[in-house]
1. Hey, can you tell me all the residues within the range B:1-15 that are in contact with a helix residue (DSSP H, G or I) (Cβ under 7 Å, 6 or more places away or on another chain) and assigned to a helix (DSSP H, G or I)?
2. Can you say whether residue A:74 is touching a helix residue (DSSP H, G or I) at 6+ places or on another chain (Cβ under 8 Å), over 23 Å from residue A:227 (Cβ atoms) and part of a loop (DSSP other than H, G, I, E, B), as far as the supplied structure shows?
3. So residue A:98 clears everything in (1) in contact (Cβ under 8 Å) with a residue 60 or more places away in the chain; (2) facing chain B (nearest Cβ under 10 Å) except one condition, right? Which one?
4. Answer yes if at least one residue in the range A:307-314 is more than 20 Å from the chain's Cα centre (by Cα), under 27 Å from residue B:24 (Cβ atoms) and more than 7 Å from every other protein chain (Cβ to nearest Cβ), and no otherwise.
5. For the range B:161-178, what are the residues that are in a helix (DSSP H, G or I) and in contact with a helix residue (DSSP H, G or I) (Cβ under 7 Å, 6 or more places away or on another chain)?
6. Considering only the range B:202-214, I want to know if a residue exists there that is crowded, with 18+ Cβ neighbours inside 10 Å, touching a residue at least 60 places away in the same chain (Cβ under 8 Å) and within 19 Å of the chain's Cα centre (by Cα).
7. If I ask for residues that are surrounded by fewer than 20 Cβ atoms within 10 Å (Cβ to Cβ), away from every other protein chain (no Cβ under 14 Å) and not in a helix (DSSP H, G or I), which ones from the range B:54-109 would you list?
């Protein structure tokens, strides 16, 4: 779930729609895919740019907390797995920027919007990775939360986004299993490793719940996006499914979820659980998470210090092109 | 130490230390495509390191992880070139190019080694080194030729790294024995091809090779590494050192 609090513009009330908008909604209701050259309401286009852009930024910024442990991975095999995983995230960012480009916005433009704060990325990547177990917890919890959201998005109405999700989901489920495998090793390891594993769960549990966005009652843009089939489930539905899935996994690991109220509710057929601290969530979105400053600084540094490289490559390509034309 | 083990450490440590350096870029490269390509190179090199260290380990009764994570700097046998810091993208890609231009002919020669294990690892690695060289050469050419700023940065990169580019070709007693046993080529025999590759790329890049014939040495026999290696190992070996005996 790498898109949170996406502002959706446009109406979901049929009586207020123009004939084009109503016909567009009919196509979506019939389960048709919308393709880049098709007519679409401005609101649909703008909402998707925000959503896909935020998702892409999350993949790129999401490289940083895990990249933090590549040079310190404990074995050659773990190093190879982690490096391949972080590389996959860069690849996901690339597909998603390409999907956004089909809507008429360039990758450079989206990058500038991230770097000057006009666009966000998922709140989860503003939390630090402090021990090796955090690399396990990110794969286990964060990738699992992402999968909850992205599997349904494979069926979303916008063709390029839907196809990007199909590719991404295959890799995400692989990452989730790798993360869980690290947790198994840690939870069954030495006393110190168990302590790292429990500590990682303690710190990542509530931030993982926040990934699904605010409670449905406060999620003002959901109805429009759901009618357009670019949001497939409500935040609370996905959060509940996540908790129900993770509880037995934590039990299997012998780890304790840091929520004293967590209990199976026979009547609902689901677990009851405590809300995260939503004021912390809003603080993180406002830039006050533990790592917001470092994450954006790292991205700005890469962008600014890479400028001469991008310009040099471009200048060389133009010279070659000119020479080729001159030779013809 | 037996000759194959010592040789495998030279090969494995080059790949491990360079792979470590390149992996430091992950998430920080100038463009997404470069980020992905650098990660690919690091993955290849660390994968190669694992194969060579496994071979060394077979002779030494140790695992590849034990060799990677519990030896101190003086037991590392990598060239000084590969432990040099990334500095900027220009230095990183110049270091890669100077190494690849040596690594590919070496691996190609090793593919015909009298040791089947050496030949097998070299054959697999040579495929990877072929596209590493294609890419690092193309990058050096593009950035040397690109803008006045990229040209100046690539010239600086060459000045910084040139004194580390000659160590690879200096043969010692171990090399003499490896040549006699048909295991590995004489490193000095690889110099001509390296020079041809580098000269042609620098010409296209509109860069001049620095004139100095002075070269630092001390990496491939472990006698005098640079100060950088200790810091690489401090970071790379942290978990294995802090929690000895744990399984990860």
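Every number here is computed from the coordinates shown, using simple stated rules; none is lab data. For clarity, every value in this text was computed on a predicted model and none was experimentally measured. Positions of Cβ are generated from backbone atoms using ideal geometry, with glycine treated the same way; all protein chains shown enter the neighbour counts.
1. Result: B:3, B:4, B:5, B:6, B:7, B:8, B:9, B:11, B:12, B:14, B:15.
2. yes
3. The number of the failed condition is (2).
4. yes
5. B:161, B:164, B:167, B:168, B:169, B:174, B:175, B:177, B:178
6. The answer is no, given that none of the residues of the range B:202-214 is crowded, with 18+ Cβ neighbours inside 10 Å, touching a residue at least 60 places away in the same chain (Cβ under 8 Å) and within 19 Å of the chain's Cα centre (by Cα).
7. If the condition is that a residue be surrounded by fewer than 20 Cβ atoms within 10 Å (Cβ to Cβ), away from every other protein chain (no Cβ under 14 Å) and not in a helix (DSSP H, G or I), then B:61, B:72 are the ones that fit.
Yes/no per residue for (1) away from chain B (no Cβ under 14 Å); (2) touching a helix residue (DSSP H, G or I) at 6+ places or on another chain (Cβ under 8 Å); (3) under 15 Å from residue A:129 (Cβ atoms); (4) assigned to a loop (DSSP other than H, G, I, E, B):
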residue	(1), (2), (3), (4)
A:168	yes, yes, no, no
A:172	yes, yes, no, no
A:175	yes, yes, yes, no
A:179	no, yes, yes, no
A:185	no, yes, no, no
A:199	yes, yes, yes, no
A:203	yes, yes, yes, no
A:209	yes, yes, no, no
